[in-house]
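What follows is a set of notes on a single structure, which appears directly below.
Computed from the coordinates by the stated procedures, all read-outs in this text should not be read as laboratory data. Remember, predicted model here, so these are calculated numbers, not experimental data. Cβ placement follows ideal geometry from the backbone for every residue including glycine, while neighbour counts extend to all protein chains displayed.
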Amino acid sequence: MPRTTPATTTTPAPSAFRSPLLTQSPVDIRAQDTYPCALPPLRFHHPTGLDLRLHFDGPGRRRPESGPRRSGRAGCVRDDEGAVKAEPPPGEECLLRVGSDRYELVDVHWHMPSEHTVGGVAFPMEQHMKYRRVTDDVGPAEAGDSGYTVVGVFVHPGQANDSLDRLLTSARRDERPWAVPDVELDALLPPCTESYRYLGSTTVCPYTPGVRWNLLTHPVQVSVTALAHYRRLFPRGNARAVQPLGDRRIAVDRHRWW
């Protein structure tokens, strides 16, 4: 069954006239910067179980700018501690639908501590599920759209989560890929997918603007052992600092639990 949230309006469209420097991520989520509205549902269509391919995306490597619409920048060198990324096997349809837009999963990766904060408070970890648009119905008003959307999930220590525990405890600083079998992607999401939504950027260089963020209001739990293993890989942390929100507003589902 797809996961849904109450729905009818769309998230604010990217503006072609707003400077990329003013639309960076992550941000601090504060009540005074949010406005409740009826958002289009996040509808996930994931296979039952997948063998994910993981690799260490290390620092010191030059990243070209990505996305359907490039700004002409040459990219940059990643200068944090890197991250572990999990990718679905080729040919598997791991889809997300948001209104009329359809996206396919690019990768899942983790930052420690959380990059986004809520009222200035960070979670121990933040999971990013990065999707690329596979529909081509972007109008002129959305010329600044990168074509990417990210589902951010806060991760909190608690009950073990078989799929997430196995992914995190397999993590290593090795660019040679390895596999984790039979992962339930839906288990990486909380039962409630109400969200905060805003227009931002990628959080690693080249900090590509025009990314639609869907930050879930509910966290997922994972074992203390799995969190501790990932923390040992990144003792300095691999989270980008919070960026100024500027004049942006953050949309939030009308019916949220916290």
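Extension gain, H229 to A187, is 13.2 nm, computed as 0.36 nm per intervening residue step minus the present C-alpha separation. A simple packing score, the average count of other Cβ atoms within 10 Å per residue, orders the peptides 82-93, 205-216 as 205-216, 82-93, with the highest score first. Annotation: amide H-H contacts under 5 Å for I250 (H modelled 1.01 Å from N, sequence separation of 5 or more, or interchain): T34, Y35.
Over the stretch 157-243, Cα pairs under 8 Å with separation of 6+ residues give a relative contact order of 39 percent. Couplings 3J(HN,Hα) for the stretch 176-189, derived from phi with the Karplus relation 6.51 cos²θ - 1.76 cosθ + 1.60 (θ = phi - 60°), are 6, x, 9, 10, 10, x, 6, 8, 8, 4, 5, 6, 7, 10 Hz, where x marks Gly and Pro.
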